[in-house]
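*Asks:* Quick one: structure below, then a few questions.
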Amino acid sequence: MNLNEYRGILVFAEQREGILENVGLELIGKGKELAKLLDEKVTAVLLGHNIENLAKELLAYGADEVVVVDAKELAIYDTEAYTQAFSAIIKDRKPEIALVGATTIGRDLGPRISSRIQTGLTADCTSLEIGDNRELLMTRPAFGGNLMATIICPDHRPQMSTVRPGVMQKEVRNELNQGIISHFPVQFDNSKMKVKVLEIVKEEKEKVDISEANILVSAGRGVGNKENFVKLEAFANEINGIMSASRALVDSGIIGHDRQVGQTGKTVRPNLYFALGISGAIQHLAGMEESEYIIAINKDKYAPIFGSADLGIVADLNKVTPHLIEEIKKLKACR
Ligand SMILES: Cc1cc2nc3c(=O)[nH]c(=O)nc-3n(C[C@H](O)[C@H](O)[C@H](O)COP(=O)(O)OP(=O)(O)OC[C@H]3O[C@@H](n4cnc5c(N)ncnc54)[C@H](O)[C@@H]3O)c2cc1C
């Protein structure tokens, strides 16, 4: 394999029912940053049926080019059809890097493509950087999240990675961005398509998406019990915040998994993150470290969470939060 033949960055712009997933836009943002260092361009890959209207949106978020495959075989996500389309684009375009969001679809599709085109894939990356020899440094938690491993793919191209939603930042949308929209014809091999979708049963939609929240009040094991938790909900309401939690609290059954922050939960980036009775295990930090401002309340002054907090309060949270609620109410009354 002549590695020098491979140039540019390809990003999978996942869409579902004609709506772009945020993670694709985030990867275009990250791709632009990497492309600048490599002096290359970012190409978004848009697969589906009757989805061409989304291409302009991808340019607005910074893609230099959008390659569209519009085919009835791609109307509903199908591993084989999507793999055939994406692999054909990779074979044609020979990108140096290919990025896919670690959504349920991306986690299914990424490994299939990497196997089909015989390259490596680093799953669930939390950081992507460019090394001295143009190689992609792909960092992800390893050994149960106890250390971060940086992985390279020295002998094969493209260097492939899946990245969790919410980790990278999208560029500010600019309708004036110019770029190319290309149509890529794919000859599907229908004999390889063994799956027929008979019915789609949708999971009940989450009422709240913590990864979109501006203020999160996150509770940990230190909260103690459901009664104390309910008091924290009152605190969250007072400041227009949304409740989230550490895995310990989710495991206790007090709050659902859709509110878990961390390596096996969601990655969040709110403007304000309260860590209440949370020790700050590496797996939790992995999901919230990028928050704009972090306030931690913990009765153990040596708790690791204080290493990431902008403001740390060493105290019993169940004693402090009622005072906070009182003070906030007073401030609101003064307005
Ligand atoms: C593969 C793997 C994946 C994982 N994924 C995740 C994940 O996605 N998210 C996640 O959160 N964890 C995850 N974990 C678990 C993680 O390692 C920790 O066990 C978990 O984060 C601990 O939650 P906690 O901080 O609430 O509890 P603890 O570690 O038990 O900490 C409780 C804290 O509360 C403080 N405290 C107690 N009482 C009070 C009080 N009255 N007032 C103030 N402070 C008090 C204590 O000092 C302590 O620091 C994962 C672990 C593994 C192995």
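*Asks:* Out of the total accessible area of the range 1-83 (probe 1.4 Å, heavy atoms of protein only), what percent is carbon and sulfur?
*Replies:* Working: 1460 of 3350 Å².
Of all accessible area on the range 1-83, carbon and sulfur atoms account for 43 percent.
*Asks:* Roughly how far apart, in whole Å, are the Cα centres of the range 256-330 and the range 201-245?
*Replies:* If you average the Cα positions of each part, the centres end up 12 Å apart.
*Asks:* May I ask for the angle, rounded to the nearest 10°, between helix 22-38 and the longest principal axis of the chain, with both axes built from Cα atoms and the value confined to 0 to 90°?
*Replies:* Its long axis makes an angle of about 70 degrees.
*Asks:* So, one more: Relative to the longest principal axis of the chain, what angle (0 to 90°, nearest 10) does the C-alpha long axis of helix 226-238 take?
*Replies:* In the chain, helix 226-238 runs at an angle near 80 degrees to the longest axis.
*Asks:* Could I ask something else about it? Once you treat every alpha carbon in the range 203-335 as an equal point and sum by Debye, what is log10 I(q)/I(0) at q = 0.20, 0.21 Å⁻¹?
*Replies:* Normalising to I(0) and taking log10 leaves -1.17, -1.29.
*Asks:* Right, next: Can you compute the label reach from K202? Point 7 Å from Cα along the Cβ direction, backbone N cut-off under 18 Å, restricted to the range 93-116.
*Replies:* 104-105
*Asks:* If I take the Cα coordinates of the chain and project them onto the principal axes, what are the three extents in Å, biggest first?
*Replies:* Per principal axis, max minus min of the Cα coordinates gives 65, 46, 41 Å.
*Asks:* Nearest 10 degrees, 0 to 90: what angle lies between the long axis of helix 104-116 and the longest principal axis of the chain (Cα atoms)?
*Replies:* For 104-116 against the chain, the angle is about 40 degrees.
*Asks:* Using only the C-alpha atoms of the range 4-131, find the volume of their convex hull and express it per residue in Å³.
*Replies:* Taking the convex hull of the Cα positions in the range 4-131, it is 98 Å³ per residue.
*Asks:* A further question on this structure: For K319, which lysines qualify as cross-link partners when the Cα separation must be under 26 Å and same-chain residues fewer than eight apart are set aside?
*Replies:* Here the lysines satisfying the reach criterion relative to K319 are K226, K231, K299, K301, K329, K330, K332.
*Asks:* Could I have the simple spin-label model distance between E212 and I19, label points 7 Å from Cα toward Cβ, reported in nm to one decimal?
*Replies:* Each label point lies 7 Å from its Cα, and together they span 0.7 nm.
*Asks:* Going from the alpha-carbon gyration tensor of the range 1-79, what semi-axes, largest first and in whole Å, does one get by taking the root of 5 times each eigenvalue?
*Replies:* Working: eigenvalues 109, 44, 19 Å².
With the √(5λ) rule applied to the range 1-79, the semi-axes are 23, 15, 10 Å.
*Asks:* Which links in K56/K94; K56/K170; K56/K266 stretch past 19 Å when you go from one Cα to the other? Can you show the working numbers first?
*Replies:* On the way: K56/K94 23 Å; K56/K170 15 Å; K56/K266 29 Å.
Check vs 19 Å cut-off fails for K56/K94; K56/K266.
*Asks:* Averaged per residue, what accessible surface does the chain expose to a 1.4 Å probe, in Å²? Kindly include the intermediate steps, with their values, before the conclusion.
*Replies:* On the way: 17410 Å² over 335 residues.
The answer is 52 Å² per residue.
*Asks:* With a Förster radius of 22 Å, plug the Cβ-Cβ distance of D39 and I152 into 1/(1 + (r/R0)^6) and report the FRET value to the nearest 0.05.
*Replies:* Calculated value: 0.65.
*Asks:* Counting only residues 5 or more places away or on other chains, whose amide H sits under 5 Å from the amide H of A102 once H atoms are built in the peptide plane?
*Replies:* V163, R164
*Asks:* Follow-up question, since we're still on this one. Where does the chain land at 222 nm, in deg cm²/dmol rounded to the nearest 500, when only DSSP H runs of n ≥ 4 count, each adding -39500 (n - 2.57), divided by all residues?
*Replies:* Roughly -8500 deg cm²/dmol at 222 nm, from the helical runs in the chain.
*Asks:* Springs between alpha-carbon atoms under 10 Å, Gaussian network over the chain: tell me which of K231, K299, K192 tops the mean-square fluctuations.
*Replies:* It is K192.
*Asks:* Another question, if that's okay. Computed FRET efficiency, Cβ-Cβ of F143 and H257, R0 25 Å: what is it to the nearest 0.05?
*Replies:* Using R0 = 25 Å, I get an efficiency of 0.65.
*Asks:* Of all the accessible heavy-atom surface of the range 261-314, with the other protein chains kept in place and a 1.4 Å probe, what percent is carbon and sulfur? Mind showing how you got there, number by number?
*Replies:* Details: 1210 of 2390 Å².
Exposed carbon and sulfur together represent 51 percent of the surface.
*Asks:* In the neighborhood of R157, defined by Cβ-to-Cβ distances under 15 Å, what is the net charge if each Lys or Arg adds +1 and each Asp or Glu adds -1? Mind dumping the intermediate values first?
*Replies:* On the way: positive: R7, K91, R93, K94, R116, R134; negative: E5, E40, D92, E96, E135, D155.
Its environment carries a net charge of 0.
*Asks:* Could you run the Debye sum over the Cα atoms of the range 100-186, one equal point scatterer each and no solvent, and tell me log10 of I(q)/I(0) at q = 0.20 Å⁻¹, two decimals?
*Replies:* One equal scatterer on each Cα of the range 100-186 leads to -1.08.
*Asks:* To check my understanding: the extent here is largest minus smallest coordinate of the Cα atoms along each principal axis. What are those three numbers for the range 273-326, in Å, largest first?
*Replies:* That works out to 31, 22, 15 Å along the principal axes.
*Asks:* Further question: Express in whole angstrom the spacing between the alpha-carbon centres of the range 98-158 and the range 51-74.
*Replies:* Taking the Cα centre of each part, the range 98-158 and the range 51-74 sit 24 Å apart.
*Asks:* Select from the range 1-76 those GluC sites (Glu not before Pro) which occupy a DSSP coil region and have at most 12 other Cβ atoms within 10 Å, ordered by residue number.
*Replies:* E17
The values are calculated or read from the model by the stated rules, or taken from the named source; none is laboratory data. All of these numbers come straight from a predicted model, not from anything done at the bench. Please note: Cβ atoms are built from the backbone with ideal geometry, for glycine as well, and neighbour counts cover all protein chains shown. Only protein heavy atoms, including side chains, enter the accessible area calculation; ligands, DNA and RNA are left aside. Shrake-Rupley method; radii C 1.70, N 1.55, O 1.52, S 1.80 Å.
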